[in-house]
Amino acid sequence: MLLALSQMSKIELKKYLKELSKEQLEEQLLDLYGRFKPVKVYYNFVFNPKEDKLLEESKFKISKEYFPTSGRRPKARRSVAQKQIKHYLQLGVEPSITADLMLYNIEVAQTYCADKTIKQASFYASMLKSFREAVKHVEQHGLLQEFGPRIGRIVETAKTQDWINAWAFEQEVTTVR
């Protein structure tokens, strides 16, 4: 007996859930777990987080965008990293692990740029957006002491590599400190 939740407010949902017995609640949760992959992924993470393994897999996916293991050309898509980061935020992964992944994304892009010149302005705009999101996340979670040096290296690398928006990276950091 699953109600149409899309039209139900949170208050109505709470009222509905209070009316159910423990067995009915368990039955609904098991049904959701079986039907919806995001629910299954969430509960699997909650009960067996393995954050280190998750981080390793995500870093591999991101690095593969710039340095493919097969013979294909690098795609360098920001969306791959954003999907991983969004997944971390939805699961409630430890903020410092999420920050690590956010900065890793930019660092890999900079490693790629050390050998290849990218002419598309959209790439640099995208990296700046990722950087701003990472700095904001680090600041919101009080992680500046831990990640400040990496943030500084990213800014210096952007300047050294003559990124067209290197000044904006530097400006972003000065507004935080």
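Quick notes
- In summary, V41 fulfils each of the numbered conditions (1) hydrophobic (A, V, I, L, M, F, W, C); (2) open to solvent by 90 Å² or more (accessible area, probe 1.4 Å); (3) closer than 27 Å to K129 by Cβ; (4) out of contact with any helix residue (DSSP H, G or I) (no Cβ under 7 Å at 6 or more places or on another chain) with the single exception of condition (2).
- Residue match in the range 9-24 (condition: open to solvent by less than 40 Å² (accessible area, probe 1.4 Å) and either in contact with a His (Cβ under 8 Å, 6 or more places away or on another chain) or under 30 Å from Q145 (Cβ atoms) (or both)): no
- Residue within the range 129-141 that is open to solvent by 80 Å² or more (accessible area, probe 1.4 Å), part of a helix (DSSP H, G or I) and either touching a strand residue (DSSP E or B) at 6+ places or on another chain (Cβ under 7 Å) or under 25 Å from Y43 (Cβ atoms) (or both) present: no
- Filter result for I62 (closer than 19 Å to P149 by Cβ and open to solvent by less than 10 Å² (accessible area, probe 1.4 Å)): no
- Qualifying positions in the range 75-128 - open to solvent by 60 Å² or more (accessible area, probe 1.4 Å), under 24 Å from G142 (Cβ atoms) and part of a loop (DSSP other than H, G, I, E, B): E94
- Look at the range 147-167: where a residue is surrounded by 16 or more Cβ atoms within 10 Å (Cβ to Cβ) and a partner is assigned to a helix (DSSP H, G or I) and charged (D, E, K, R), sitting 6+ places away or on another chain with Cβ atoms under 7 Å, you get I154/E107; V155/E170; A166/K159.
- Residue pairs meeting the criteria (Cβ under 6 Å; at least 6 apart or on separate chains; first over 16 Å from K64 (Cα atoms), in the range 109-127; second open to solvent by 60 Å² or more (accessible area, probe 1.4 Å)): Y124/I164
- Test for E133: is it at pLDDT below 95, of a type in the set (D, E) and out of contact with any Leu (no Cβ under 6 Å at 6 or more places or on another chain): no
- Residue that is farthest from C113 (Cα to Cα) [pool: residues in the range 142-160 that are part of a helix (DSSP H, G or I) and small (G, A, S)]: G148
- Condition check for F67 on (1) buried (at least 17 other Cβ atoms within 10 Å of the Cβ); (2) over 11 Å from the mean Cα position of the chain (by Cα): one failure, at (1).
The values are calculated or read from the model by the stated rules, or taken from the named source; none is laboratory data. Since we're looking at a predicted model, the values are computed, not measured. Neighbour counts run over all protein chains shown; Cβ positions are idealised from the backbone, glycine included. Side chains included, ligands, DNA and RNA excluded: accessible areas come from the protein's heavy atoms. Shrake-Rupley method; radii C 1.70, N 1.55, O 1.52, S 1.80 Å.
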